[in-house]
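Take a look at the structure below.
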Amino acid sequence: MPARTVEELQDTLDGSLSWRRIELAALRAEIDRSSRQGAYSPLTRALARSGVALLYAHWEGFAKDAFSAYVDFLSRRRLKVSQLNDGLLRTVFAGLQRRVASGDAAAVKEMLQAIRSPDVVRAPMPRQAVKTKSNLRYDVLTELLESVGLDPAEFSTRSNLIDRLLCDARNEIAHGREYFPAPENFGDLHDPVLVMMEALRHRILEAVRLETYKTTTPEQTK
């Protein structure tokens, strides 16, 4: 059920993050244990490969959960079109445009009402905005953040981590190629991935507490 309060949204995000953190910590401990017994044994290499694939899976999975929970929360705010910040406003109209292009007659009426009476019409929040495409690469993450009105600047230094060390490595492993990450480097990947998930959680909770999903234009918030 979509969160109705900030506390419920925090519980949703914390629930999605906590089990992922526990699972990754358990796998990290197992990789460390196996590595001490044989740094490049078949088991250690298999665990390291599994670890990279699972890190990516949890990164993408948490991002989907977090963005979806945020959009669902905003949907329950019953916000008017005129209240939305620029990113959310673009997303709402992009969703309406897609529906219009598909031949949805109701969407034409909704778009006209939104244009003519933005202070009255409730903003339809499209769930289609939450798409990680085939891989949650840095440019996709940036697009997702901007589509819900969040600033992507905090993640600007993470492009190499996301694209090369996570996405590319995961694809090599998922496609059955002979890619063997160094087991001793798993912690160097594990920690920043958790930092990114925590940062995303923090940004979303900050947005709902400060209501930065609303426009900052004074005449539009009266």
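Every listed requirement among (1) under 19 Å from the mean Cα position of the chain (by Cα); (2) loosely packed, with under 14 Cβ neighbours inside 10 Å is met by THR132 save one, (2). When segment 23-38 is filtered for residues that are loosely packed, with under 13 Cβ neighbours inside 10 Å and either more than 23 Å from VAL195 (Cβ to Cβ) or more than 23 Å from the chain's Cα centre (by Cα) (or both), the ones remaining, listed by number, are ALA26, ALA29, ARG33, ARG36, GLN37, GLY38. For segment 135-187, the set of residues classified as touching a Pro at 6+ places or on another chain (Cβ under 9 Å) and either under 23 Å from GLU30 (Cβ atoms) or loosely packed, with under 13 Cβ neighbours inside 10 Å (or both) consists of LEU161, LEU165, ALA169, ILE173, listed by residue number.
The residues in segment 43-86 that are within 18 Å of the chain's Cα centre (by Cα) and under 30 Å from MET111 (Cα atoms) can be counted, and the count is 13. Residue pairs whose Cβ atoms lie under 7 Å apart, separated by 6 or more positions or on different chains, with the first residue in segment 111-122 and aliphatic (A, V, I, L, M) and the second not in a helix (DSSP H, G or I), are ALA114/VAL121; VAL120/LYS80; VAL121/LYS80. Just one residue in the set LYS64, LYS109 is over 19 Å from VAL140 (Cα atoms) and among the basic types (Lys, Arg); that residue is LYS109. The set of residues from segment 169-208 being among the acidic types (Asp, Glu), within 22 Å of the chain's Cα centre (by Cα) and within 26 Å of ARG33 (Cα to Cα) comprises ASP188, ASP191. Name the single residue that is farthest from ALA57 (Cα to Cα) among those in segment 153-169 being touching a Phe, Trp or Tyr at 6+ places or on another chain (Cβ under 9 Å) and hydroxyl-bearing (Ser, Thr, Tyr). Ranking the candidates gives SER156 first. Checking each residue in segment 111-126 for being in contact with a helix residue (DSSP H, G or I) (Cβ under 6 Å, 6 or more places away or on another chain) and either farther than 19 Å from THR215 by Cβ or modelled with pLDDT of 90 or more (or both) picks out MET111, ALA114, PRO118, ASP119, VAL121, ALA123.
Can you tell me how many residues within segment 71-115 are outside any helix (DSSP H, G or I) and out of contact with any Ser or Thr (no Cβ under 8 Å at 6 or more places or on another chain)? Result for segment 71-115: 8. Residues that are part of a loop (DSSP other than H, G, I, E, B) and either aliphatic (A, V, I, L, M) or without any contact (Cβ under 8 Å) to a residue 60 or more places away in the chain (or both) within segment 18-61 comprise GLY38, ALA39, SER41, listed in sequence order. MET111 falls short on exactly one of the conditions (1) buried (at least 18 other Cβ atoms within 10 Å of the Cβ); (2) more than 26 Å from GLY187 (Cβ to Cβ); (3) under 27 Å from the mean Cα position of the chain (by Cα); (4) not hydroxyl-bearing (Ser, Thr, Tyr), and that condition is (3). Do we find that ARG20 is surrounded by 15 or more Cβ atoms within 10 Å (Cβ to Cβ), basic (Lys, Arg) and closer than 22 Å to GLU172 by Cα in this structure? So ARG20 does not fit the description; no.
The values are calculated or read from the model by the stated rules, or taken from the named source; none is laboratory data. Quantities reported herein were computed from a predicted structural model and do not represent experimental measurements. Every residue, glycine as well, gets a Cβ built from its backbone with ideal geometry; the counts of neighbours run over all protein chains shown.
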